[in-house]
Amino acid sequence: MKKLSELNLDILKRTPLFKDRIIRSQVSLSNSFGACCKKVTLDDNSQYVVKELVKRSDAYNSILYEGKCLEFMSGKFPNLFPRVLYLKDNLLVMEFIDHNKIKDEKSEQDLACQLARIHQVKNDRFGFEFDSPIGGLRQPSSFEKSWVSFYANKRLNMIFELINATNPMPDAINRGIERLLKNLKNLIPDTPQPSLIHGDLWEGNMLFHNGKLAGLIDPGIYYAHYEMEIAYLEWFKYISKDFYQYYSEYNQLSKDFMNYSEVYQLYYCLLNVHLWSRDYIRNTAELVRKFN
C-alpha cells in the first residue's frame, strides 16, 4: 500500500503538464486527512503544488472539491489564489505561490483589505452550490435563507453530532451546547447579508512574502455571515486590535460582534476537537460556559 507521504508518480506523469518531463525534486508540504501535498520542481525549474487524495474515510472527495473551490476563487481573485492547472479524480495540480512567511507592520492592513474584498462578494442565500471541505471534512452547504438555521444545522450541530457519534464529550459540555443551539436565534443575527468567505482562514493558509499577503490556499468556501471569518482569526489570536480598524475601513463589523463572536468560534473549536486533538475540549468548555 502506498504511504500517505508518497505521490503516485505514474498517475502524475500521465497528466498533460508532467508528461515526458523530468521531476527534479519533491518537497513535502503536508500529509494530513488522507492527502499528500508536495511542491514539485521540474527540469526547467518550474514549480507546482501537487495534492493527491491517497485514502479517504468516506465517499467525499475533499481534494476534488478543494480544487473546485480554488477554481471559483482564482477566477474572482486571480492574484490571490493559486490557479488550478489540473483537477481530476484524486489529483489536484496548482500554481506554486512563492512566500517566505515574512510579515511587517503593514501585513495586517494588507490582510484586512484582501479579506474584505472577498467578503464584498454577496449572494441572496447562505451556502454554496456544492459541499465545501474543511480539514478533509464535508461541510453541508445546501442553500438557506436563514443564517440561524444554516449555522445551527449545517455547521454547529453537524460537527457536534459527529463528535458524539464517535467519542462523546463530557455530559456537562454536551448539555451546554444543546442549550446554546436551542437559544441560537437570540445569540446571532438571522438575516445578515450572505457574503463569500474563505472558510478556513488560519495561519497556515495565509502566505506572506516580504510583508505582503502573497496568497491564500485551502479554501472551504460558502456564503455566510462574514464575521465568522473574523471570529476565527480572533480565536487563534492571530490579529491585533488594529486589525478591526483596518477591516472597518472596507467593511463594517456589527456593534454586537464581540457579544457573539465566541458562538462562531465554537464551530472552529469543535472542528479542532474532531480533527486534531481532544485537548480542545477544554477550550470548548470555556466557550460554552459563557453562554450558559
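The values are calculated or read from the model by the stated rules, or taken from the named source; none is laboratory data. These figures come from a predicted structure and were not determined experimentally. Cβ: placed from backbone, ideal geometry, glycine included. Neighbour counts: every protein chain shown. Side chains included, ligands, DNA and RNA excluded: accessible areas come from the protein's heavy atoms. Shrake-Rupley method; radii C 1.70, N 1.55, O 1.52, S 1.80 Å.
Some values worked out for this structure:
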{"item": "In the stretch 176-235, the residues that are among the aromatic types (Phe, Trp, Tyr), in a loop (DSSP other than H, G, I, E, B) and modelled with pLDDT of 95 or more", "result": "TYR226"}
{"item": "Some residue of the stretch 154-167 being within 22 Å of TYR60 (Cβ to Cβ), in a loop (DSSP other than H, G, I, E, B) and touching a residue at least 12 places away in the same chain (Cβ under 8 Å)", "result": "yes"}
{"item": "Residue within the stretch 13-24 that is free of Cβ contacts under 8 Å to residues at least 12 places away in the same chain and either touching an Asp or Glu at 6+ places or on another chain (Cβ under 9 Å) or assigned to a strand (DSSP E or B) (or both) present", "result": "yes"}
{"item": "Failed item in (1) farther than 17 Å from GLY220 by Cβ; (2) at pLDDT below 95; (3) not charged (D, E, K, R), with SER107 passing the rest", "result": "(2)"}
{"item": "Sole residue being at pLDDT below 90 and out of contact with any Gly (no Cβ under 8 Å at 6 or more places or on another chain), chosen from ASP20, ASP44", "result": "ASP20"}
{"item": "Scope the stretch 145-185; condition open to solvent by less than 40 Å² (accessible area, probe 1.4 Å) and farther than 29 Å from ILE221 by Cβ; matching residues", "result": "ILE173, ASN174, GLY176"}
{"item": "Checklist (1) of a type in the set (A, V, I, L, M); (2) under 28 Å from ASN272 (Cβ atoms); (3) more than 16 Å from the chain's Cα centre (by Cα) applied to LEU64, failing item", "result": "(3)"}
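A quick yes/no check of all residues on (1) over 19 Å from ILE221 (Cα atoms); (2) surrounded by fewer than 19 Cβ atoms within 10 Å (Cβ to Cβ):
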residue	(1), (2)
LEU7	yes, no
LYS13	yes, yes
ASP20	yes, yes
GLN26	yes, yes
LYS38	yes, no
ASN45	yes, yes
LEU53	yes, no
TYR60	no, yes
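Yes/no per residue for (1) modelled with pLDDT under 95; (2) within 25 Å of ALA165 (Cα to Cα); (3) open to solvent by 10 Å² or more (accessible area, probe 1.4 Å):
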position	(1), (2), (3)
LYS241	yes, no, yes
TYR246	no, no, yes
PHE257	no, no, no
GLU262	no, yes, yes
TYR267	no, yes, no
LEU270	no, yes, no
TRP276	yes, yes, yes
ILE281	no, yes, yes
GLU286	no, yes, yes
